[in-house]
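Here's the structure we're looking at; comments come further down.
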Amino acid sequence: MLMDPSVNQQTYIEDCEVCCNPIEIQTQFENDGLTGFQATEIGQ
């Protein structure tokens, strides 16, 4: 999974690389460092 630290807060949906089910990804960056990450299963 690639994340873009040039955007401070991001929320997007991506298919899981293992099971192909959709997951919601939330990331937070400060000074190009990852300070928050959450992955939530969608559906199921």
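Every number here is computed from the coordinates shown, using simple stated rules; none is lab data. What you see is a predicted model, and the numbers here were worked out from it, not measured in a lab. Positions of Cβ are backbone-derived with ideal geometry, glycine not excepted, and every protein chain shown enters the neighbour counts.
State, as an integer percentage, the relative contact order of the chain based on alpha-carbon contacts under 8 Å between residues 6 or more apart.
For the chain, the relative contact order is 33 percent.
Counting Lys and Arg as +1 and Asp and Glu as -1, each charge on the Cβ, what is the dipole of the chain about the Cα centre in debye, to the nearest 20?
Working: 0 positive and 8 negative charges, 15 e Å.
With Lys and Arg at +1 and Asp and Glu at -1, about 80 debye.
Quick check of the Kirkwood formula: for the chain, what is the inverse mean of 1/r over all pairs of different Cα atoms, in Å?
This gives a value of 11.0 Å.
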